[in-house]
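Before any comments, here is the structure.
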Amino acid sequence: MTTKSTNEELVILLDDQGNPTGHAPKSEVHTKNTPLHLAFSCYILNDRGEVLITRRALTKKAWPGVWTNSVCGHPGPGESHEEAVLRRAVEELGLKVDDLSAVIPDFEYRAVDASGIVEWEVCPVFVSRAVGEMAPNLAEVCDHRWVAPVDLFSSIDATPFAFSPWMVEQLSDSRLREVLREGCC
């Protein structure tokens, strides 16, 4: 969601109980003192039951070049999580998705990257299914792979440092592993 005057993406700020308290431009939120805010993560499956992982563009402010989940982002003011997932899948990946399902609706995390940038988010985790072909936005994603869930779990378990901290934490949840293992939403 963007403001009409600046076309800048707005992020919904939250209090300690997860209640909205206002919004701020995304560019001003992700700092060394990031306030708690609303986000989402989504894992996208294809018809073969593989999950899409993406490598964050090298120009990203936080965790540049790190492998992570399929798509993530922030709902804007007045936008549902589901609407935000659909919007960001197209913006980041050029990909439509369907069969969207919340798997970890209560996920929250705080992490600090090597540069000191903090992510602190209430971040429901979704799983969806890819519809059609993708055309990644290189300003968002510099690489991607479709992988078997069991191979992803093995890689995360063996080398968690190679992946985003939110993905490592999300994939430690048996609910998400089970849905990905079953290949359904």
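The values are calculated or read from the model by the stated rules, or taken from the named source; none is laboratory data. Since this is a predicted model, take the numbers as computed values, not measurements. Every residue, glycine as well, gets a Cβ built from its backbone with ideal geometry; the counts of neighbours run over all protein chains shown.
Among the listed residues 158, 130, which satisfies the condition of being surrounded by 12 or more Cβ atoms within 10 Å (Cβ to Cβ) and more than 30 Å from residue 21 (Cβ to Cβ)? One residue alone meets the criteria, 130.
When residue 148 is tested against (1) touching a residue at least 60 places away in the same chain (Cβ under 8 Å); (2) in contact with a Ser or Thr (Cβ under 8 Å, 6 or more places away or on another chain), only condition (2) is not met. Among the residues of the stretch 67-90, are any touching a helix residue (DSSP H, G or I) at 6+ places or on another chain (Cβ under 8 Å) and either modelled with pLDDT under 95 or of a type in the set (Lys, Arg) (or both)? No, the conditions are met nowhere in the stretch 67-90. Scanning for something surrounded by fewer than 18 Cβ atoms within 10 Å (Cβ to Cβ), hydrophobic (A, V, I, L, M, F, W, C), outside any strand (DSSP E or B) and out of contact with any Ser or Thr (no Cβ under 7 Å at 6 or more places or on another chain), does the stretch 135-144 turn up at least one residue? Yes, because at least one residue in the stretch 135-144 is surrounded by fewer than 18 Cβ atoms within 10 Å (Cβ to Cβ), hydrophobic (A, V, I, L, M, F, W, C), outside any strand (DSSP E or B) and out of contact with any Ser or Thr (no Cβ under 7 Å at 6 or more places or on another chain). Within the stretch 1-18, the only residue that satisfies the criterion of being modelled with pLDDT of 95 or more, surrounded by fewer than 17 Cβ atoms within 10 Å (Cβ to Cβ) and not charged (D, E, K, R) is 13.
Which residues, taken from the stretch 91-107, are crowded, with 17+ Cβ neighbours inside 10 Å, touching a helix residue (DSSP H, G or I) at 6+ places or on another chain (Cβ under 7 Å) and outside any loop (DSSP other than H, G, I, E, B)? Those that are crowded, with 17+ Cβ neighbours inside 10 Å, touching a helix residue (DSSP H, G or I) at 6+ places or on another chain (Cβ under 7 Å) and outside any loop (DSSP other than H, G, I, E, B): 97, 100, 103, 104.
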